[in-house]
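The values are calculated or read from the model by the stated rules, or taken from the named source; none is laboratory data. Predicted model, so just to flag it, every value in this text is computed and none were measured. Every residue, glycine as well, gets a Cβ built from its backbone with ideal geometry; the counts of neighbours run over all protein chains shown. The area values use the complete protein model at the heavy-atom level, side chains included, leaving out ligands, DNA and RNA. Shrake-Rupley method; radii C 1.70, N 1.55, O 1.52, S 1.80 Å.
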Amino acid sequence: MLGSNIIELEIVDRVTAVAAADWDRLAGDDDPFLAHAFLAALEASGSVGERAGCQPRIVLARAGGQLVGAVPLYLKTNSYGEFIFDWSWANAAHRAGVRYYPKLVAAVPFTPATGYRLPVLPILPGLPTLPGLDAPDVDRAAVRAALIRATREVADEEKASSVHFLFCTEPEKHALAGAGFFPRLSMQFHWHNRPDRPFESFEDYLSTFRAQNRKQVRKERRVAAEHGLTFRTATGAELEPRDWKALRAFYVENVDRHGGHAYLSAEFFEIARETLADRWVSTLAYQGGRPVAGTINFEKGAHLYGRYWGCLADFQMVHFELCYYQLIERAIAKRQTLFEAGAQGEHKLKRGLGPALTHSAHWIRHPDLAEAIGGFVEREAEAVEAEVREYAAHTPFRTADTGSGEPDAG
């Protein structure tokens with residue numbers, strides 16, 4: 001119950017069935033991916049849909065006609081683009097003669113960034129309340145429980161083998177665990193600004209490194225600069241047509257180089273230019289007037305997210321310059337608190353991105369498969385926590401609190 005209102009649940013097959021303003025009240029101040037425009041761009045471009053094996057089954061919760069909660073849920077016939085992977089689970093199911101697809105995934109497709117997967121109003125202090133729905137009347141736990149129940153009902157209707165909440169928040173993971181989901185730990189590398197005294201410049205940030213690590217970063221930046229390239233950081237609104245064309249080419253080239261799958265269609269880039277330019281950030285390298293390397297990133301509020309990188313020729317250290325150093329400089333200049341540079345990559349550690357736990361939660365229908373997976377994620381969590389501790393002991397910083405110690409030589 002919400003005050004005197006009953007929670008009404010609905011399943012829709014596209015985010016555009018929801019008014020953008022209503023949806024974005026749920027998305028929060030710092031998440032560009034859960035935003036209506038981003039999810040709508042994936043749909044309109046065909047990046048998600050039946051052809052991609054990733055069809056929206058979005059769960060909505062309303063009270064008194066107002067949208068108060070949702071689940072960005074997708075029916076999938078594959079495990080591509082998830083970054084908290086379950087291929088081994090699918091293979092085990094196949095060997096046991098258990099059907100694994102379709103399954104349901106609560107996530108932003110192709111996006112390994114932590115965010116709300118059970119967003120409920122109000123998710124942040126000071127969030128404007130809706131007319132006729134005062135914040136104190138919102139029983140968030142009740143809404144969240146109703147959303148979880150509805151997700152399981154969708155699994156029954158779709159005959160899905162499982163439900164996976166990927167890159168959810170830690171409190172959401174605990175709520176899901178209480179509803180019978182297996183909690184799972186994974187790890188990424190994230191950059192954090194100093195909470196008490198934000199960095200004033202990249203050199204200020206670099207001053208928190210040990211001398212040897214500081215010298216290494218300066219050397220890498222010097223080598224990148226010696227190619228004679230021009231570096232630029234620009235928002236989508238500042239990019240020129242040649243830049244948009246080049247960024248699409250970089251994306252495809254990098255996917256092909258690694259034998260991957262181009263999840264984002266060409267149409268996505270066209271739509272993004274019109275609807276996501278205010279959240280889009282790219283770092284580019286030019287040889288003369290020609291873009292030769294670049295990145296695709298998104299930002300909102302106090303957070304910056306690195307997503308894609310590509311190049312047309314190999315320039316030593318330019319990857320580090322564009323993917324990390326230029327973006328950390330931007331985060332510092334904008335007083336952003338968090339820079340997530342995407343999945344994988346222990347090489348990020350020496351550039352100042354520290355190990356961070358990421359969370360997911362999983363429900364498996366088949367009891368024997370569920371028992372096996374439940375035991376696996378418990379053992380896996382112990383290994384992940386040990387890995388995080390090991391990485392944390394080898395950061396480039398002089399002290400664990402990112403530079404509160406005394407300067408050393410260099």
Measure up Lys219/Lys334; Lys103/Lys245; Lys103/Lys334 against 30 Å on the Cα-Cα distance and list the ones that go over.
Lys103/Lys245; Lys103/Lys334
Please report, as a whole percent, how much of the solvent-accessible surface of segment 142-288 comes from carbon and sulfur atoms (probe radius 1.4 Å).
49
May I ask you to list the GluC sites (Glu not before Pro) in segment 195-297 that are in a DSSP loop and have at most 14 other Cβ atoms within 10 Å of their Cβ?
Glu200, Glu226
Can you show me the helix-derived [θ] at 222 nm for the chain, built from DSSP H runs with n ≥ 4 at -39,500 (n - 2.57) apiece and divided by the number of residues, rounded to the nearest 500.
-10000 deg cm²/dmol
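Please state the charge dipole magnitude for the chain, taken about the Cα centre, from unit charges on C-beta atoms (+1 on K and R, -1 on D and E), reported in debye and rounded to the nearest 20.
Magnitude of the dipole: close to 820 debye.
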From the P(r) of the chain, can you give the percent of Cα pairs sitting at distances over 27 Å?
54
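Tell me the relative contact order for the chain as a rounded percent, counting alpha carbon contacts under 8 Å between residues six or more apart.
Relative contact order for the chain comes out at 21 percent.
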Using the Karplus curve 6.51 cos²θ - 1.76 cosθ + 1.60 with θ = phi - 60°, what ³J(HN,Hα) values do you get for each residue of segment 315-322, in whole Hz, with x for Gly and Pro?
10, 4, 6, 5, 4, 5, 4, 7
For Ser88, net neighbour charge (Lys/Arg +1, Asp/Glu -1) across residues whose Cβ lies under 15 Å away:
+1
Considering amide H positions built from the backbone, and no H for Pro or chain starts, which residues 5 or more places from Met187, or on another chain, come under 5 Å of its amide H?
Thr358
1.4 Å probe accessible area per residue over the chain, in Å²:
43
Kindly write out, for segment 226-234 in residue order, the coupling ³J(HN,Hα) from the Karplus curve 6.51 cos²θ - 1.76 cosθ + 1.60 (θ = phi - 60°), rounded to whole Hz, with x marking Gly and Pro.
6, 6, x, 7, 9, 9, 8, 10, 8
What does the net charge come to around Val18 if you take all other residues with beta carbon closer than 14 Å to its beta carbon, with K and R at +1 and D and E at -1?
-2
Skipping prolines and chain starts, which residues have an amide H placed within reach, meaning under 5 Å, of the one on Leu73, given they are 5 or more residues away or on another chain?
Arg57, Ile58, Val59
How large is ³J(HN,Hα), in whole Hz, for each residue of segment 97-106 in order, when computed from phi with the Karplus curve 6.51 cos²θ - 1.76 cosθ + 1.60 and θ = phi - 60°, using x for Gly and Pro?
x, 9, 6, 10, 10, x, 9, 10, 10, 9
